[in-house]
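What follows is one structure encoded as structure tokens, with my remarks underneath.
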Amino acid sequence: MIKKDYYEILGLSRNSTSEEIKKSYRQMALNFHPDRNPDNKEAEEKFKEAAEAYSILIDPEKRSIYDRYGQDGLRGEGFSGFTGFNSSVFEDFEDILGNFFNFGFRDIFGTQQREGADYPQRGRDLVLEFEITLEDAAFGTDNDIKLSRMELCPICDGTKLRPGTQKSVCRHCQGRGQVRYQQGFFSIMRSCPQCKGSGDIITTPCEECRGSGKVKKKRELKIKIPAGVDDHTRLRIEGEGEAGDRSAPRGDLYVVIRTKKHDFFEREENNLYCEISMPFTQAALGAKIEIPTLEENEVLKIPAGTQSGEVFRIKGKGIKSLQSYRKGDLFVKVNVKIPGNLTKQQKELLRHFAKSRGENPEAINRDIMSKKKSSIH
């Protein structure tokens, strides 16, 4: 399923104010409302999308979750999409649109889901951050994680009732779950405020879960982290979220990977980068250097005359791709060390070396200025 961008739906930027969100939604709702576009399925879908986007972006908490985690984060907080105008959000839409349209008669969103109705609800998804080492990311690992999640109450088995008791029919709505309100010429159906749309009243709730049907329990799970995961990778573990209502499926668990900073390597996609230091004599004469990798060490041949800052590539010593078996490369940057605290004898040897090359280390070096002038002209 293609994920929607709520800001794009309303034609907004991510730093839009609440007033801008309301203004954009009002315009779209007036343009695409089914009463103005009879038998136009495309307009009806645009109206639904605008309503869903508005219900998320106008709520500071939901908007914050969406900005950080997207729609998966909203699912993790129990939001599964816009399901119609119930009593908790009707006032917001009514305030924006005024009394132009009769929301009560038109069931443009299909069967309305009543607040608190006794329909089995899927369990909430959970989002958990988990920190691993670079080595674990490269080769994969099995880990035990601990989390707290809602489970069906072991006493009432999710019925919310004290064992041996039953629900009573709500007298306020006579078990219908909805009540009708008349506003001038408009008739509006809203969820019953007494039973919250369920049509039933629990007079003797379960003492263990206090009538919620669920209790919080600590759980320990073993998760498999595949080789190649990167920082911010999201792993979906199906059916390990919170318990749903009776006969409803569990939610899913999303594990967001965080990778610890490594002492030697830095990672960019599937490539690794590191820096080594070597004496200027080895850089001048050439050398063989043993380089650590995430596997066995590699011998890197440094050619004579290597300059400080040069980068060498060791193929296939990076990290395996999560989508294939191809591995990235290791890039090694060489920093040439200039010795300090030279002895008198060492300084004399360096002077002899400089003279043998036709250099005068005590003279003023004018090469830099001449190069600068030539570059200007």
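The values are calculated or read from the model by the stated rules, or taken from the named source; none is laboratory data. Please read these numbers as outputs of a predicted model, since none were measured by experiment. Every residue, glycine among them, receives a Cβ derived from its backbone with ideal geometry; neighbour counts consider all protein chains shown.
Numerical summary
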item: Per-region count, the stretch 244-293, residues over 23 Å from the mean Cα position of the chain (by Cα), surrounded by 13 or more Cβ atoms within 10 Å (Cβ to Cβ) and among the hydroxyl-bearing types (Ser, Thr, Tyr); result: 2
item: Any strands (runs of 3 or more DSSP E) falling wholly within the stretch 267-314 and containing at least 1 residues that are among the polar types (S, T, N, Q) and under 14 Å from Val332 (Cα atoms); result: 271-279
item: Any hit, the stretch 217-239, residues being in a loop (DSSP other than H, G, I, E, B), over 30 Å from Glu135 (Cα atoms) and not charged (D, E, K, R); result: no
item: Residue pairs meeting the criteria (Cβ under 6 Å; at least 6 apart or on separate chains; first more than 10 Å from Lys167 (Cα to Cα), in the stretch 189-207; second surrounded by 18 or more Cβ atoms within 10 Å (Cβ to Cβ) and hydroxyl-bearing (Ser, Thr, Tyr)); result: Arg190/Ser87; Ser191/Ser87; Gly197/Ser191
item: Members of the stretch 153-170 found to be touching a residue at least 60 places away in the same chain (Cβ under 8 Å) and either surrounded by 17 or more Cβ atoms within 10 Å (Cβ to Cβ) or among the polar types (S, T, N, Q) (or both), listed by number; result: Cys153, Gly158, Thr159
item: Residue match in the stretch 252-260 (condition: assigned to a strand (DSSP E or B) and more than 30 Å from Leu147 (Cα to Cα)); result: no
item: Among (1) among the hydrophobic types (A, V, I, L, M, F, W, C); (2) touching a helix residue (DSSP H, G or I) at 6+ places or on another chain (Cβ under 6 Å); (3) modelled with pLDDT of 75 or more - the single one Leu30 does not satisfy; result: (2)
